[in-house]
Amino acid sequence: KALAVTDSSMQEYTNAATLLKNHLGSKAERSMDAVTARDITLFRHALAARVAGSTANKILKILRGAWAQAARDSLVRENVFLRVELVKASKAERRAFTLDEIKRILHAAGAEWKGLVLLGFYTGQRLGDIASLTWENVDLEKKEITLITRKTHRRMVIPTPPPLQKYLMSLSAPDRADTPLFPTASMKGVNALSREFAELLASIGLREKKTHASAGIGRSGRRNVGNLSFHCLRHTTTSALKNAGVNNAVAMELIGHDSEAISRAYTHIEQAALRKAVKKLPDLVD
């Protein structure tokens, strides 16, 4: 997978494999065919006791894919993961931030995190894509940000609404266009940034504080998992746009959601419509 996926995705695959190997113990040294459906069921139970349902399912799906490839390569007789059902994930695990919560986050955040949160809200993009932005991605004259998303490889041209334009204009532009917008954040992986954001949320009471690092799934007690993360800013942006009366197709185009139904109905959404939509977002910049 290393040659086909992003570094952040590869880290997720590696973590999933490590968790399973740790759970299997000495059995991990044997053939993959030695792993039974019961082993996977017990692994699933251990995951569910430690992480959110959606996280457990993501890990199980990654490993299911590995076993599927092994089956295609005749390394195993069957994909035992197909015999184990996923965890029932709570629909309440993720929600949008309220505008008051975002203001509290901005008030508590340091300079770079304030910028990351503002970009997250006004563009609806993922943390990794925002952290890797350079000044080459920002056109202050045209008032737009251009990027290619890591997950979908989609080219996005996002208009900057007045509050975001005001923030960007307040920054000191460097001599080199390839200078990161957020130098410190750009040097860190998505997982590290996600942990930092979780700590920021915990500092203002929006998420439980972790009592220890979750290096594995064998320890007793469920890991503290909040239902708020940086990704929730995407939900917040979508909600804010829809609450302001923005057409659903335009809202989804702005944040980069792909939809077969929308593709059938809209062959192209004009940039003017996107600019009009982002101007309806509330002003969070002091």
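Note on Ser31 and Asn191: the extension gain reaches 54.5 nm, defined as 0.36 nm multiplied by sequence separation minus the Cα-Cα distance. A P(r) calculated from all alpha carbon pairs of the stretch 1-77, with 10 Å bins opening at zero, reads 17, 51, 30, 2 percent. Report, in degrees rounded to the nearest 10, the 0 to 90 angle that the Cα long axis of helix 232-243 makes with the longest principal axis of the chain. Tilt relative to the chain: about 50 degrees. Dipole magnitude for the chain: computed about the Cα centre from +1 point charges on Lys and Arg Cβ and -1 point charges on Asp and Glu Cβ, it is near 1020 debye. In the chain, the longest principal axis of the Cα atoms and the axis of helix 190-203 are about 70 degrees apart. Legend: residue pairs Lys142/Lys279; Lys58/Lys188; Lys143/Lys188; Lys188/Lys242; Lys21/Lys151; Lys103/Lys280, Cα-Cα distance threshold 25 Å; pairs beyond threshold, Lys143/Lys188; Lys188/Lys242; Lys21/Lys151. Here's the list of aspartates and glutamates a cross-link from Lys61 could span, going by alpha-carbon distance under 19 Å and ignoring same-chain residues fewer than 8 apart: Asp7, Glu12, Asp33, Asp39, Asp73, Glu78, Glu85, Glu93.
The peptide list 59-70, 149-160, put in order of mean Cβ contacts within 10 Å with the highest first, becomes 59-70, 149-160. The heavy atoms of His257 offer some 80 square angstrom of accessible surface to a 1.4 angstrom probe.
From the P(r) of the stretch 149-203, can you give the percent of Cα pairs sitting at distances over 12 Å? That tail contains 79 percent of the Cα-Cα pairs.
In degrees from 0 to 90, rounded to the nearest 10, what is the angle of the helix 53-72 Cα long axis to the longest principal axis of the chain? Helix 53-72 and the main axis of the chain meet at about 60 degrees.
Can you find, among Pro163, Thr134, Tyr122, the residue farthest towards the positive end of the dipole of the stretch 109-174? Put +1 on the C-beta of Lys and Arg, -1 on that of Asp and Glu. It is Tyr122, whose Cα lies furthest towards the positive end.
How much length, in nm to one decimal, is gained on full extension between Thr146 and Glu199, taken as 0.36 nm per residue of separation minus their Cα-Cα distance?
Numbers: separation 53, 0.36 × 53 = 19.08 nm, distance 2.95 nm.
That pair, Thr146 and Glu199, stretches by 16.1 nm at full extension.
Summed over qualifying helices (DSSP H, 4 residues or more, each -39500 (n - 2.57)) and divided by its residue number, the chain shows a 222 nm mean residue ellipticity of -14500 deg cm²/dmol.
The values are calculated or read from the model by the stated rules, or taken from the named source; none is laboratory data. In this text, all values refer to a predicted model and were calculated from it rather than measured experimentally. Counting neighbours? That spans all protein chains shown, and the Cβs are built from the backbone with ideal geometry, glycine included. Keep in mind that these areas ignore ligands, DNA and RNA; they rest on the heavy atoms of the full protein, side chains included. Shrake-Rupley method; radii C 1.70, N 1.55, O 1.52, S 1.80 Å.
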